[in-house]
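Worksheet: the structure to be examined is printed underneath.
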Amino acid sequence: MEMDWSVWIGKKVFLRTNRGYIYSGIVKDVESDKQGLILITLTDKFDKLVCFSSGEILEIREERY
């Protein structure tokens, strides 16, 4: 069963990628294509847009505002 990534839209999250990057910010958008690629876009704590695929995510959890 695959995760419904759209549940994260609008939430403040802590996120760690498989490349060792750590992000904290608000999820702005989740897009999926017909091949199954899922792209997540968030605004990080520096107010910069960051986009990556769901396959890069090792950990994601909601943070309190």
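Can you tell me, using C-alpha contacts under 8 Å and at least 6 residues apart, the relative contact order of the chain as a whole percent?
The normalised contact order for the chain reaches 34 percent.
Answer with a single label: of [x] -0.47, -0.90, -1.51; [y] -0.46, -0.86, -1.37; [z] -0.43, -0.88, -1.75, which was calculated as log10 I(q)/I(0) by the Debye sum over Cα atoms at q = 0.16, 0.22, 0.29 Å⁻¹ from the structure in view?
The value matching this structure is [x].
No lab work stands behind these numbers, since they all come straight from the coordinates. Just so we're clear, the structure is a prediction, and the values are computed from it rather than from any experiment.
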